[in-house]
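The values are calculated or read from the model by the stated rules, or taken from the named source; none is laboratory data. Everything quoted here is computed from the prediction, not taken from an experiment. Every residue, glycine as well, gets a Cβ built from its backbone with ideal geometry; the counts of neighbours run over all protein chains shown. All accessible areas refer to the heavy atoms of the entire protein, side chains included, with ligands and DNA or RNA removed. Shrake-Rupley method; radii C 1.70, N 1.55, O 1.52, S 1.80 Å.
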Amino acid sequence: MANTTKTPTVLVTNDDGPLSDESPFIESFIEAIQSRLGWNVRVCIPSAQRSWIAKAFLVNQNVTIKEYRPKATGIKYKRGTWYTATGTPASCVNIALHHLFSDIDLVISGPNLGSNVANTCALASGTLGAAMEAGLANKKAVALSFAFYNHDISSDKVQNANNTACEIIEKLWNSDAWQKCEAPVFNINVPISSNTSPDVFVTTMGRSHFGSLYRKIGQCQHQAKGINPVTGLPQTKDADAKAKHLRIAVDDGQSSANNTKDNIEADVEDGEDGATYVFSASVSISDGSGEGTDMWAVHKAAVSITPLRPELYSLGNAGQESLWTGLGFTSL
């Protein structure tokens, strides 16, 4: 049955935190939800950058909630509906659903800065982690990511991405696609481009693998002068000298061959006592872009929609009885 009888109330979260150079999309996307769709919006986002943290909970750290007021003047805002939390994206969703808001119909996590494609990114992504937490709470959820090309995230192209995302999510909502697919989570990648009508593909998740996720200090591309150490994009202001060395956003205009393990320059004296390594995952994602996968769609500057379930999938025992019997195990 289509969801046409009520205006949905949406919880928006992300893993990039409040509006900043590292989180450039959160407010313009919410403004698009309100102006284009007329939906009700609630917000609970991390108080700081929390990328690459998957569905983690920091069990030894208390989570503090504070009201947050949006900077954009075009957003419809009232007190008691926007919060930041000192926890992870998944904890933002859990606290928001069980303690802050009782009227949430749909959870949208994102838009993430950069694509989230293939199993490597999906298992590590805080954006996906928040959506999976919503799915485990029996909520319909979207993990939304904006893929950029040639480092171009100009405002007109971002607005195209916002409009495309809103149109797609509205169609999914009105058709009750979550129930019909029996998938509580849709992982959606939208290109940041001048194309107002990109192709939309329902895809499978690419299967890939990581090479080294770390580089020795002094060998990291993102240490280049004028590059934001978090986003990998040109900086718009002076960087904090103590900025963490973290590269999260992959330019999908680059050939996937540039992101494979084979192209990583080998470290010399790996593992030496006292060596310091920094996170540099953008150069270590091996290709999984076969036709019909999310990576394939994103490389074509198209939209990918990948239905997902939050539970870990069991392969079952079919055809393996002789293996388990030989080991003295009982196959059920």
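When Rg and the Kirkwood radius Rh are both evaluated on Cα atoms of region 71-220, their ratio Rg/Rh stands at 0.98.
Treating only the Cβ of Lys, Arg, Asp and Glu as charged (+1, +1, -1, -1), what charge dipole size does region 19-109 show about its Cα centre? Round to the nearest 20 debye.
The calculation lands at about 180 debye.
Placing 27, 167 in order of accessible area, with the largest value first and a 1.4 Å probe, yields 167, 27. Take the Cβ atoms of residue 78 and residue 20, set R0 to 22 Å, and the FRET efficiency comes out at 0.40.
Taking 0.36 nm per residue of separation and subtracting the Cα-Cα distance, full extension of the segment from residue 216 to residue 272 would add 19.1 nm.
Kirkwood analysis of the Cα pair distances in region 1-159 returns a hydrodynamic radius of 15.7 Å.
Using bins of 5 Å that start at zero, the share of Cα-Cα pairs per bin across region 1-79 amounts to 3, 12, 21, 23, 16, 12, 8, 4, 0, in whole %. Residue 44 contributes an accessible area of around 0 Å² to the protein surface, as traced by a 1.4 Å probe with all chains present. Remark: region 68-73, residue by residue, has Karplus-estimated 3J(HN,Hα) of 10, 10, x, 7, 5, 6 Hz, where x stands for each Gly or Pro and the curve is 6.51 cos²θ - 1.76 cosθ + 1.60 at θ = phi - 60°. Per-residue extension of 0.36 nm, minus the Cα-Cα distance of residue 180 and residue 48, leaves a gain of 43.9 nm for this segment.
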